[in-house]
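Only one structure is covered here, and it is reproduced in the block below.
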């Protein structure tokens, strides 16, 4: 089991059978999530107030025991593109967190990154580090709850069909959900270059 320990800035492998711990990467300002593919370890570095932070919020790449390098600077992308259109600064001061990545999921060619500050799920190319916003599948808003009795549906004053809410439920299931960071640590299935125990 691999764990990102944000409070002490390390990513460790825990042997659940022996109860031992091995530090894979240290010196990360705020590792909030990680995922491994082969010998590569992808780390979501969250927002940090530490003055010694050497990398911005984004995706770090580590492999072969080498120090992590920046694969994608999500703070820079958010400042340059602002895909969710939120107000970033008022009077020169940030209104809220601008970029705070907390979850990564690595695939053969890309890394999906959930960014709580940017309110986005980004797609990062594993080779080039290019950042894209995947297409968003929208669904119609249903004015009536699917759980509302059929006799009450007509009381909304709008034409509503069960088909609308069926599509809405299906789209919600397809999108799935991600859990917001609660601090402390996150874990993935296996250490880089190793198979799950």
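Bear in mind that the values in this text are calculations on the coordinates, not laboratory data. Note that the structure is a prediction, hence the values are computed from the model and not measured. Positions of Cβ are backbone-derived with ideal geometry, glycine not excepted, and every protein chain shown enters the neighbour counts.
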Ranked from fewest to most other Cβ atoms within 10 Å of their own Cβ, 102, 77 fall in the order 77, 102
For segment 36-118 the translational diffusion coefficient, Stokes-Einstein from a Kirkwood Rh over Cα pairs at 20 °C and viscosity 1.002 mPa s, in µm²/s, is roughly 158
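Can you put 39, 99, 109, 62 in order of Cβ neighbours within 10 angstrom, beginning with the fewest? Each step should come with its number before you reach the end.
Numbers: 39 13, 99 25, 109 9, 62 22.
Exposure proxy ranking, most exposed first: 109, 39, 62, 99.
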FRET efficiency for residue 108 and residue 49 from the Cβ-Cβ distance with R0 = 41 Å, rounded to 0.05, comes out at 0.70
So for R0 = 22 Å, FRET eff. of residue 96-residue 7 from the Cβ-Cβ r, to 0.05, ends up at 0.50
The residues 1, 120, sorted from fewest to most surrounding Cβ atoms within 10 Å, come out as 1, 120
